[in-house]
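Below you'll find the structure, written out as structure tokens, and then a few comments.
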Amino acid sequence: MKHYEFNGCTYELISNDNCFVFDNIKEYVTDYFKDFDYIFGDFSGDRVRLKGFYDSNHKNVKKYNDIAFLENYKKEYCHFGTKTFLLKKVNKK
């Protein structure tokens, strides 16, 4: 899998519906996402929407940001058939 760096953190692209383009995403991944273990992206129209998720055992995890909730999140908050991607943090500098 490919690795990408955002704000001093390295992420692995673990899921991609042929929509992830680093140069189009990098400006949206701000310091806000540094604490999250995952960054999920979906495209609504021509815009990318990002959401941070934690591993289920993370100290700050809540139901709405637990990675185990991702499939429910897709069903409830994403348009049917939307293109998505998922990045997993592999290390933090």
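The values are calculated or read from the model by the stated rules, or taken from the named source; none is laboratory data. On a predicted model such as this, the values are computed, not experimentally measured, just so you know. Don't worry about glycine lacking a Cβ; one is built from the backbone with ideal geometry, like all the others, and counts go over all protein chains shown.
When the stretch 34-80 is filtered for residues that are of a type in the set (A, V, I, L, M, F, W, C) and either more than 25 Å from ASN91 (Cβ to Cβ) or in contact with a Cys (Cβ under 8 Å, 6 or more places away or on another chain) (or both), the ones remaining, listed by number, are PHE43, CYS78, PHE80.
Within the stretch 42-64, if we keep just the residues that are under 20 Å from ASN16 (Cβ atoms) and exposed (fewer than 10 other Cβ atoms within 10 Å of the Cβ), the residue that is modelled with the lowest pLDDT turns out to be GLY45. For the stretch 1-33, a residue qualifies if it is closer than 17 Å to VAL90 by Cβ and among the aromatic types (Phe, Trp, Tyr), and the qualifying residues are TYR4, PHE6, TYR11, PHE20, PHE22, PHE33.
Among the residues of the stretch 32-49, is there at least one that is part of a helix (DSSP H, G or I) and among the hydroxyl-bearing types (Ser, Thr, Tyr)? Within the stretch 32-49, one or more residues are part of a helix (DSSP H, G or I) and among the hydroxyl-bearing types (Ser, Thr, Tyr). Of all residues in the stretch 9-23, at least one satisfies being loosely packed, with under 12 Cβ neighbours inside 10 Å and either in contact with a Lys or Arg (Cβ under 9 Å, 6 or more places away or on another chain) or within 11 Å of PHE85 (Cβ to Cβ) (or both). Taking the criterion of being surrounded by 11 or more Cβ atoms within 10 Å (Cβ to Cβ) and not in a loop (DSSP other than H, G, I, E, B), the residues of the stretch 65-81 that qualify are ASN65, ASP66, ILE67, ALA68, PHE69, LEU70, ASN72, TYR73, LYS74, TYR77.
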